[in-house]
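The values are calculated or read from the model by the stated rules, or taken from the named source; none is laboratory data. Just so we're clear, the structure is a prediction, and the values are computed from it rather than from any experiment. Note: ideal-geometry Cβ built from the backbone for every residue, glycine included; neighbour counts use all protein chains shown. Accessible surface is based on the protein model in full, side chains and every heavy atom, while ligands, DNA and RNA are left aside. Shrake-Rupley method; radii C 1.70, N 1.55, O 1.52, S 1.80 Å.
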Amino acid sequence: MLGDPPFVEDAAAVRAAMEYYAEQGWTDGLPVVPVTESYLAEFLASVDRDPGDVLLDMPQLNRSLTVRLAAINAALAGCLPLYFPVVVAAWESLAAEGYPVRGIWQSTTGTAPFLIVNGPVRERIGLNSSGNVFGSGFRANATIGRAIRLGVLNAFGLRPHELDQATQGTPAKYTFCIGENEEESPWPGLHVDFGLSSGDSAVTAVVIRSCVHIEARHTRVPEQLATDIAGTISRTGALIHETISAAVVLSPEHARLFSTAGWSKDDIRSFLYSHAVVSWSKLAAAGKEAVSSKTRWRLPSDHPDALPVAASGGMVRVLNSPEAVLVVVAGAGNSGVSAVVETFGPRGGPPPVTRVRL
Amino acid sequence: MADGILLERAGLPAVSICTDPFALTARAMASAYGFPGFEYVSIPHPVASLTVLEIRSRVRDLMPDLLRILGVE
């Protein structure tokens, strides 16, 4: 047994503060860290930003998140001041991503932000990019994602049973923040793919719904592995719109399998675009073979809003372009296990890679 | 709710329609827009999977409430 720590006389006061914050509803359900003005100042000093700068604006709610509000919620979440430049970049990336500003966080779909961090800042703050990368155990991963969630709850008031109408939501609503495993990746990092240098640090934020894993320990054939991934992307349950999008998070073993065979990330994206298909009859069996003229949502071809279906046969692509797929490397180099993170909605064009200003 | 409130404020009579499970959110949104007492019509859930005939029946059922809120005599 450890002896009493030196601060034990303050513990009751700390607990009382935590309970007070919980009573005010300033939490995601877990205890939060009490925040004082002096502690807040340490966060604000870590960035060259005016505390009043707006990072994300939701005009439909008449509410905005400022740098000061982002800092308060990062401190509540248990971030160290050192992490705050990453939190600020995450908010900027989410603003550029587009779906949150258009109100997706009030939707029944129940999405959450997925944060991908690249560059030297990962090591500086101890952000996990290898084993158990989607799991628990690392303060930076746990609290940076949580800083966003608490900001959504406290600054925008998007609370469950109130303005957050998620039918089920996703566990990613607690936190979903990973580092890319650049050290074990055969390719340049995601941020380098989109114009930054390897010495830069960056956050790329995408709104997601689900994270589906792929077991493929049996193969060394890139087409087999890519077909397995394509089959996961093209499941009918994910199709609300005409097409979907995906972030493919490859383990280092799978990334090396592709690169050894001479495949680039763009080769993977092109293959997935061509092979993430579902048969018309399978779509029809699920009642999703047509698209609404009003919402572009999938529905049966006998629905009054259904656009005429071009052909009642053949295969239907579920991605609108190779750009609808992001390829990221993360996890341990110990097995042939990867994941498809189902990013929300149709996508194309470059992702919102946002430089961390350290 | 937001659309209904904004239309009313722009001088266009409007009635928002929600399904019953959205009651809490409807009130929260009305409060966010500074109009906590904004009157709206609540109807049974669901709507998205109904047929045209079922939709027409829902509309017939909600018309009295809708006209009352609009102030139609």
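Can you give me the % of accessible surface on the protein assembly as shown that is carbon or sulfur? Probe 1.4 Å, all protein chains present, nothing else counted.
Working: 11160 of 20330 Å².
Carbon with sulfur: 55 percent of the solvent-accessible area.
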Report task. Rounding to the nearest 20 debye, state how big the charge dipole of the protein assembly as shown is about its Cα centre with +1 on each Lys and Arg Cβ and -1 on each Asp and Glu Cβ. Result -> 820
Query raised in the report: Using the Karplus equation 6.51 cos²θ - 1.76 cosθ + 1.60 (θ = phi - 60°), what ³J(HN,Hα) coupling, rounded to whole Hz, does each residue of segment A:68-76 give in order, writing x for Gly and Pro?
Result: 5, 5, 4, 5, 4, 6, 5, 5, 4
Requested in this report: Quick one: which residues, 5+ away or cross-chain, put their amide H under 5 Å from the amide H of A:V207? H built at 1.01 Å from N.
Outcome: A:F114, A:F344
Report summary line: Binned at 5 Å from zero, the C-alpha pair distances of segment A:59-178 give percents of 2, 11, 23, 25, 20, 12, 5, 1, 0
Query - Share, in percent, of DSSP beta bridges within chain A that are antiparallel, nearest 5 - result: 75
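Leaving out ligands and nucleic acids, note down the accessible area per residue over segment A:316-358 with a 1.4 angstrom probe, in whole Å².
Working: 1460 Å² over 43 residues.
Per residue, segment A:316-358 has an accessible area of 34 Å².
Output the Kirkwood hydrodynamic radius of chain A, Cα pairs only, in Å rounded to one decimal. Display every interim value, and only then the final one.
Details: mean 1/r = 0.0463 Å⁻¹.
About 21.6 Å for chain A.
With every protein chain kept in the model, how would you rank B:L50, A:L40 by accessible area, 1.4 Å probe, largest at the top? Before the final figure, lay out the partial values.
On the way: B:L50 35, A:L40 5 Å².
The ordering from most to least exposed comes out as B:L50, A:L40.
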Requested in this report: Translational diffusion coefficient, Stokes-Einstein: compute it for segment A:195-329 using the Kirkwood radius over C-alpha pairs as Rh, at 4 °C and 1.567 mPa s, and state it as an integer in µm² s⁻¹.
Outcome: 79
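I need the calculated FRET efficiency for the pair A:E23 and A:I240, taking r as the beta carbon distance and R₀ as 56 Å, to the nearest 0.05. Display every interim value, and only then the final one.
Numbers: r = 38 Å, r/R0 = 0.67.
Efficiency, from the Cβ-Cβ distance: 0.90.
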Report task. Output the relative contact order of segment A:291-353, whole-number percent, from Cα pairs under 8 angstrom with separation of 6+ residues. Result -> 26
Report task. Hey, can you grab everything whose amide H is under 5 Å from the amide H of A:T66? Only 5+ residues off in sequence or another chain; H modelled, so Pro and N-termini drop out. Result -> A:L55
Query raised in the report: Using alpha carbons only, how many degrees (0 to 90, rounded to 10) separate the axis of helix A:84-97 from the longest principal axis of chain A?
Result: 30
Query raised in the report: For segment A:235-243, in order, what is each residue's ³J(HN,Hα) by Karplus, 6.51 cos²θ - 1.76 cosθ + 1.60 with θ = phi - 60°, in whole Hz (x at glycine and Pro)?
Result: 5, 5, x, 7, 7, 9, 8, 4, 10
Report summary line: Pseudo-spin-label distance A:N132 to A:W297, built 7 Å along Cα→Cβ, given in nm, is 4.0
Report task. Provide the FRET efficiency to the nearest 0.05 for the B:E39-A:V33 pair, computing r from the beta carbons and using R0 = 35 Å. Result -> 0.25
Query raised in the report: Where the centre of each part is set by its Cα atoms, how far does segment A:27-106 sit from chain B, in angstrom?
Result: 34
Report task. Give the residue from A:V207, A:I233, A:V86 lying farthest towards the positive end of the charge dipole for chain A; charges sit on Cβ (+1 for Lys and Arg, -1 for Asp and Glu) and the dipole is referred to the Cα centre. Result -> A:I233
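Taking 8 Å as the Cα distance limit and 6 or more residues as the minimum spacing, I'd like the relative contact order of chain A as a percentage.
Details: 725 pairs, mean separation 71.9, N = 358.
Here the relative contact order equals 20 percent.
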Query raised in the report: Measuring from label point to label point, each 7 Å out along Cα→Cβ, what is the A:D48 to B:L6 span in nm?
Result: 3.8
**Report entry** Rough spin-label spacing in nm, given labels placed 7 Å along Cα→Cβ, for B:S57 and A:D305
**Finding:** 2.0
Query raised in the report: At the nearest 100 Å², what buried accessible area, both sides summed, do you get for B and A when the probe is 1.4 Å?
Result: 800
Report summary line: Taking Cα atoms only, helix A:265-275 is inclined relative to the longest principal axis of chain A by an angle, in degrees rounded to 10, of 50
**Report entry** Under 5 Å, built H, 5+ apart or other chain: amide partners of A:S279
**Finding:** A:V316
Query raised in the report: What FRET efficiency do you get for A:N320 and A:D10 if R0 is 41 Å and r is their Cβ-Cβ distance, rounded to the nearest 0.05?
Result: 0.15
Query raised in the report: Got a sec? Charge dipole of segment A:199-336, +1 on Cβ for Lys and Arg, -1 for Asp and Glu; which of A:S293, A:A246, A:H303 is way out at the positive end?
Result: A:H303
Query raised in the report: Each residue of segment B:31-42 in turn: what ³J(HN,Hα) in whole Hz from Karplus with 6.51, -1.76, 1.60 and θ = phi - 60°, glycine and Pro shown as x?
Result: 5, 4, 9, x, 9, x, x, 4, 8, 9, 9, 10
Report summary line: Summing -39500 (n - 2.57) over every DSSP H run of at least 4 residues in chain A and dividing by its residue count gives a helix-only mean residue ellipticity at 222 nm, to the nearest 500 deg cm²/dmol, of -9500 deg cm²/dmol
Query raised in the report: How long is the gain from A:N62 to A:V337 if the chain were fully straight, where each residue apart is worth 0.36 nm and the alpha carbon distance is subtracted?
Result: 94.6 nm
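Grab the DSSP H runs of chain B that are 4 residues or longer, score each as -39,500 (n - 2.57), total them, divide by all residues and round the 222 nm result to the nearest 500 deg cm²/dmol.
Value at 222 nm, helices only, nearest 500: -16000 deg cm²/dmol.
Express the relative contact order of segment A:65-147 as a whole percentage, based on alpha carbon pairs under 8 Å and six or more residues apart in sequence. Before the final figure, lay out the partial values.
Values: 57 pairs, mean separation 37.9, N = 83.
Computed value for segment A:65-147: 46 percent relative contact order.
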